[in-house]
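Some notes on the structure that comes next.
Here, each number is a calculation from the coordinates, and none is a lab measurement. Every value quoted in this text rests on a predicted model; they were computed, and no experiment measured them. Reconstructed Cβ throughout: ideal geometry from the backbone, glycine too, with neighbour counts over all protein chains shown.
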Amino acid sequence: MTERVRAVLITPNNTMLLIKRIRPGIDPYWVIVGGGVEDTDADRKAALLREINEEIAGDAEILRLLHQMDNPKGETEYYYLARIEKWDFDNRTGPEFARTDRGEYILEEIPLTQEAVESLNLMPSQFKDVLCEAIARGELIPAL
């Protein structure tokens, strides 16, 4: 079974980093940083740190598992809460960024409010409710 890992990345400004995707013929949508676990990854956390480095040239501290779910493709997705202080989107290295047929990738800082998250076309859509509930419970502001 394929496993995917994603990070709800909390910045020093208590915002979260999301990638806005703009693709021809599709309404813009946002995704949480992450990707597939590869055979060469020591474990899921190592895979997530690799993905964060590839996608936003960042180095994060993984705090805890936030949520786990199966997606419509039959993959298990693990969502972690992480704190990030430095990133450089211009120096991302993921292979998807080299393909011009995949549309645009824009890194955005999103306020940690239910209103901000509810206004997004966040994919996968079933995680949007999980994220809003975690915000309402105050679970996304990591201890410093």
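Can you give the net charge of the other residues whose Cβ lies under 11 Å from the Cβ of ALA116, counting K and R as +1 and D and E as -1?
Result for the local shell: -4.
Could you tell me the distance between the Cα centroids of the range 56-109 and the range 28-53, to the nearest Å?
A separation of 6 Å, based on Cα centres.
Around THR76, under 11 Å between beta carbons, what's the net of Lys plus Arg minus Asp minus Glu among the other residues?
After counting each charged neighbour, the total is -1.
Before anything else, pin down the relative contact order of the range 1-140: Cα pairs under 8 Å, at least 6 apart, normalised by residue count, whole percent.
It rounds to 30 percent for the range 1-140.
At 222 nm, what value in deg cm²/dmol follows for the chain if DSSP H runs of at least 4 each add -39500 (n - 2.57) and the sum is divided by all its residues, to the nearest 500?
Taken over the chain, the calculation gives -6000 deg cm²/dmol.
Would you mind telling me which residue in ALA82, ALA47, ALA116 has the biggest mean-square fluctuation in a Gaussian network model of the chain, where springs connect alpha carbons within a distance under 10 angstrom?
ALA116
In a shell of Cβ-Cβ distance under 12 Å around GLU139, excluding GLU139 itself, what net charge do Lys and Arg (+1) and Asp and Glu (-1) give?
Around GLU139, the charge tally is +1.
Taking amide H positions as placed 1.01 Å from N in the peptide plane, with prolines and chain starts having none, which residues 5 or more places from ALA57, or on another chain, fall under 5 Å of its amide H?
The answer is ASP88, THR93.
Quick one: 3J(HN,Hα) in Hz for the range 33-47, Karplus 6.51/-1.76/1.60 with θ = phi - 60°, rounded, Gly and Pro as x.
4, x, x, x, 7, 9, 4, 7, 6, 5, 6, 4, 5, 5, 4
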